[in-house]
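Notes follow the structure.
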Amino acid sequence: MPKLLILNGPNLNLLGTREPAVYGAHTLADVEALCRQAGEAAGCSVECLQSNHEGVLIDALHEAGRAHRAGELLGVVLNAGAYTHTSVALHDAIKGAGAPVVEVHISNVHAREPFRHHSYLSPAAAGIVVGFGIDGYVLAIEGLLRRARAGRG
Ligand code: DQA
């Protein structure tokens, strides 16, 4: 069964209580349940990981690259939180690992503070979904599935 990895970065474990006016009332558990539902409905297994540590995210991307090369993993949905705006290391990990990564942001980062307008990840991403709330994760999964079906996986 093909696999999808849902990777959430720093502070996303606080969803539900963190700035609800920006991020809504849904928890990380809700996000992960939504992703499991969307992935499993399409015949995929869904693995979810959240970490506040950059290196853990990098290790997960490396493992995703190995699994993708082995034909086990369709791709990664990544909300890297604030590391999006700071991390050359995550950019390099996405490029180096080679698994397709869809960058997701719950909020519309372009309508927020200027420091959120730049992403180090976007140039390395297969696609970007921004500003659709937690539905963005489902849209990203749909994008990965369509990409794989079209043989662009
Ligand atoms: C975020 C946007 C980032 O700017 C922020 O640092 C986050 C969450 C989002 O999902 O909207 O932690 O990635």
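Summary of values
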| read-out | value |
| --- | --- |
| Region 3-149 - charge dipole about Cα centre, Lys and Arg +1 at Cβ, Asp and Glu -1, debye rounded to 20 | 340 debye |
| Selection from Gly133, His118, Leu34 lying farthest towards where the dipole of the chain points positive, charges on Cβ | His118 |
| HN-Hα J in Hz across region 136-151 - Karplus 6.51, -1.76, 1.60, θ = phi - 60°, x for Gly and Pro | x, 5, 5, 4, 5, 4, 4, x, 5, 5, 5, 4, 5, 4, 7, x |
| Inter-site label distance for Ser45 and Ala25 at 7 Å from Cα along Cβ, in nm | 3.5 nm |
| Hz values of 3J(HN,Hα) by residue in region 50-59 - Karplus curve (6.51, -1.76, 1.60), Gly and Pro given as x | 10, 8, 8, 10, 4, x, 5, 5, 5, 4 |
| More than 14 angstrom apart: percent of Cα pairs within region 1-85 | 64 percent |
| Contour minus Cα-Cα distance for Arg66 and Asn13 (0.36 nm per residue) | 16.5 nm |
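Bear in mind that the values in this text are calculations on the coordinates, not laboratory data. Treat the numbers as computed from the prediction; the structure is a model and nothing was measured. Ideal geometry is used to build each Cβ from the backbone, glycine not excepted, and the neighbour counts take in all protein chains shown.
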